[in-house]
Amino acid sequence: MRNMFDDSGLDAASFDALFRERTGVLAGVDEAGRGPLAGPVVAAAVVLDPAAEYPGVTDSKKMKEAARTAAYEMISARALAWAWAAVEADEVDRLNPLHAAMKAMRLAVEKLAVKPEFLLVDGNYSPGISIPLKTVVKGDYRSLSIGAASIMAKVTRDRIMTDMHQVYPQYGFDKHKGYGTAVHLKALVEHGPCPCHRLTFRGVRQDEAPAVKAEGFDFDAGR
């Protein structure tokens, strides 16, 4: 007899449908920005309309910027509800990036106008919410709802970093979005950190040798 949550071999939309059928109103939850040297961790929670279609929605890391932006607008227009929340750099320093991400997830879910009955959360850590949930490793690829949340979190965070560039143009936040690129590290050496930097991160701390926090990331699609 098949397990009621046997999700093996399902595409992303069918994965969600399996859980929605058994649990009711479903939300996907994901975060962006645990790795950068500057800026907030941002999480998004999305309740998709099961009657709508979302072509092209997948893991935001696999999408170019233009495709993410188009998907963001489509999800905004078609989802039943979505919300985002940010934990700022000083609190990331205090909590650590993982706990900051969990807090942002909790806040995003709490802000949803449509209250979910079940959550699909990217990764393997529970954010500590009373709503029943399933953590899903590589969920932004396996679940349509988590993929949508990953897009909303990533685009929202990128826009925040672009706004920060207007205040602190010397760091180039509009290009690297706070990740530890060579350009960013050079700017830190020249100018020191600004209020949106994470002071506990190597490369920001001036008493340690710089290290690229986002090694191996595609900075256009990085998380």
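Residue check, M63 against (1) in contact (Cβ under 8 Å) with a residue 40 or more places away in the chain; (2) farther than 30 Å from G203 by Cα; (3) out of contact with any helix residue (DSSP H, G or I) (no Cβ under 6 Å at 6 or more places or on another chain), all met but one. Which one? For M63, the exception is condition (2). Does any residue of region 44-58 turn out to be surrounded by 17 or more Cβ atoms within 10 Å (Cβ to Cβ), under 28 Å from L10 (Cα atoms) and modelled with pLDDT under 95? Checked region 44-58: at least one residue is surrounded by 17 or more Cβ atoms within 10 Å (Cβ to Cβ), under 28 Å from L10 (Cα atoms) and modelled with pLDDT under 95. Taking the condition surrounded by fewer than 15 Cβ atoms within 10 Å (Cβ to Cβ), closer than 30 Å to G9 by Cα and touching a residue at least 24 places away in the same chain (Cβ under 8 Å), does G139 pass? Taking the combined requirement at face value, the residue does not satisfy it. Screening region 40-93 for residues that are over 14 Å from the mean Cα position of the chain (by Cα) and assigned to a strand (DSSP E or B) and picking the one that is nearest to A149 (Cα to Cα) gives V47. Within region 94-127, the set of residues being farther than 24 Å from S14 by Cα, within 13 Å of the chain's Cα centre (by Cα) and either small (G, A, S) or loosely packed, with under 13 Cβ neighbours inside 10 Å (or both) comprises A100, A101, A104, A108.
Does region 142-155 include one or more residues that are surrounded by 15 or more Cβ atoms within 10 Å (Cβ to Cβ), at pLDDT 95 or above, among the β-branched types (V, I, T) and not in a helix (DSSP H, G or I)? Among the residues of region 142-155, not one is surrounded by 15 or more Cβ atoms within 10 Å (Cβ to Cβ), at pLDDT 95 or above, among the β-branched types (V, I, T) and not in a helix (DSSP H, G or I), which makes the answer no. Step by step: first the residues of region 161-196, then only those that are under 18 Å from A86 (Cα atoms), in contact (Cβ under 8 Å) with a residue 60 or more places away in the chain and in a helix (DSSP H, G or I), then the one that is nearest to the chain's Cα centre (by Cα). Which residue is that? Checked region 161-196; the qualifying residue nearest to the chain's Cα centre (by Cα) is M161. Of the residues making up region 168-201, just one is surrounded by 17 or more Cβ atoms within 10 Å (Cβ to Cβ), in contact with a helix residue (DSSP H, G or I) (Cβ under 6 Å, 6 or more places away or on another chain) and hydroxyl-bearing (S, T, Y), namely Y171.
Taking first residues from region 116-131 that are farther than 20 Å from M152 by Cα and partners that are part of a loop (DSSP other than H, G, I, E, B) and of a type in the set (G, A, S), the Cβ contacts under 6 Å between residues at least 6 apart in sequence or on separate chains come to E117/G24. Checking each residue in region 28-39 for being farther than 10 Å from A148 by Cα, over 9 Å from the mean Cα position of the chain (by Cα) and outside any loop (DSSP other than H, G, I, E, B) picks out only A38.
For a quick check of your reading of the model, give me the residue pairs whose first member lies in region 66-83 and is surrounded by 15 or more Cβ atoms within 10 Å (Cβ to Cβ) and of a type in the set (F, W, Y), whose second is in a strand (DSSP E or B) and modelled with pLDDT of 95 or more, with beta-carbon atoms closer than 9 Å and at least 6 apart or on different chains. Cβ pairs passing all conditions: W82/A27; W82/A44; W82/A45; W82/V46; W82/V47.
The values are calculated or read from the model by the stated rules, or taken from the named source; none is laboratory data. Everything quoted here is computed from the prediction, not taken from an experiment. Positions of Cβ are generated from backbone atoms using ideal geometry, with glycine treated the same way; all protein chains shown enter the neighbour counts.
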